[in-house]
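Student: Shown below is the structure under consideration.
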Amino acid sequence: MRNIVLIGFMGTGKSTVGKRLAQSLAWDFVDTDYEIGEVTSLSVSEIFRRHGETRFRSEESIVVARLSQQERLVIATGGGTVLNPLNWDALAQNGTVIALHASLEAILARIGNKNDRPLLKGPREAIEKLWSERQECYSQADFIVDTSQKSVDEVVKEILIQLERMTKNEFSEVAKD
């Protein structure tokens with residue numbers, strides 16, 4: 001059984017949705033940022049502050065390589081994880097990649113003043129530029145769910161419906177052969 005990989009910009013709900021989705025499927029949930037923290041004994045913010053983004057991305061690739069070898073996981077990735085083509089390939093090889101999308105306004109409202117995300121510190125224009133630059137990568141997912149105006153349960157339901165459709169299509173294609 002393949003994994004389910006949630007990608008998308010920071011604040012789109014990957015961890016929250018991922019936990020609920022994993023419960024619905026009776027699968028395990030894994031957050032790559034949490035896993036990196038477990039391996040390094042540092043928070044994402046601390047890694048960025050002490051060692052920089054390059055070190056963080058290196059740790060992230062190691063975690064992705066390990067998780068992509070497992071099965072029946074719902075994996076919530078960091079916002080920049082799949083910008084590395086090697087990470088994308090590893091995750092997609094054994095997983096259905098689902099992009100969670102939200103408007104920049106929704107993201108900023110969700111994050112508010114409790115921002116512990118190193119790449120979201122700075123002027124709105126810089127955040128908007130980063131959000132915009134990443135959309136093309138996220139659009140390569142197997143499917144996209146807009147979380148801007150939906151509850152967690154609505155997002156999970158939409159994902160489950162899409163996964164069921166994909167499964168039926170896969171069986172239809174096999175039957176045609």
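Student: Would you point out which residue out of Gln23, Gln70 is under 22 Å from Leu160 (Cα atoms), part of a helix (DSSP H, G or I) and among the polar types (S, T, N, Q)?
Tutor: Details: Gln70 fails: part of a helix (DSSP H, G or I).
On inspection, the qualifying residue turns out to be Gln23.
Student: Oh, and also: Do we have Ala92 as in a helix (DSSP H, G or I) and either under 25 Å from Asp153 (Cβ atoms) or in contact with a helix residue (DSSP H, G or I) (Cβ under 8 Å, 6 or more places away or on another chain) (or both) here?
Tutor: Working: in a helix (DSSP H, G or I): yes; either under 25 Å from Asp153 (Cβ atoms) or in contact with a helix residue (DSSP H, G or I) (Cβ under 8 Å, 6 or more places away or on another chain) (or both): no.
Criteria not met by Ala92.
Student: If you check every pair at least six apart or on different chains, which have Cβ atoms under 7 Å apart with a residue in segment 67-96 that is of a type in the set (Ser, Thr, Tyr) first and a residue that is open to solvent by 10 Å² or more (accessible area, probe 1.4 Å) second?
Tutor: Here the result reads Ser68/Ala90; Ser68/Gln93; Ser68/Asn94; Thr77/Lys14; Thr96/Arg2; Thr96/Asp142; Thr96/Leu163; Thr96/Met166, each pair linking segment 67-96 to a residue that is open to solvent by 10 Å² or more (accessible area, probe 1.4 Å).
Student: From the residues in segment 3-42 that are among the small types (Gly, Ala, Ser) and either within 16 Å of the chain's Cα centre (by Cα) or within 20 Å of Ile107 (Cβ to Cβ) (or both), which one is most open to solvent (accessible area, probe 1.4 Å)?
Tutor: Let us first name the residues in segment 3-42 that are among the small types (Gly, Ala, Ser), namely 8, 11, 13, 15, 18, 22, 24, 26, 37, 41.
Restricting the remaining residues to those that are either within 16 Å of the chain's Cα centre (by Cα) or within 20 Å of Ile107 (Cβ to Cβ) (or both) gives 8, 11, 13, 15, 18, 22.
Working: Gly8: 0, Gly11: 13, Gly13: 23, Ser15: 40, Gly18: 0, Ala22: 2 Å².
Among those residues, the one meeting the criterion is Ser15.
Student: Just to check your reading of the model, which residue among Leu119, Leu100, Leu86 is modelled with pLDDT of 90 or more, in contact with a helix residue (DSSP H, G or I) (Cβ under 7 Å, 6 or more places away or on another chain) and open to solvent by 40 Å² or more (accessible area, probe 1.4 Å)? If you could, list the steps in order and put the result at the bottom.
Tutor: Working: Leu119 fails: modelled with pLDDT of 90 or more; Leu100 fails: open to solvent by 40 Å² or more (accessible area, probe 1.4 Å).
Only one candidate passes the filter, namely Leu86.
The values are calculated or read from the model by the stated rules, or taken from the named source; none is laboratory data. Please read all numbers here as calculations on a predicted model, not as lab measurements. Heads up, the Cβs are rebuilt from the backbone with ideal geometry, glycines too, and the neighbour counts pull from every protein chain shown. Remember, those area values only see protein heavy atoms, side chains included, never the ligands or the DNA or RNA. Shrake-Rupley method; radii C 1.70, N 1.55, O 1.52, S 1.80 Å.
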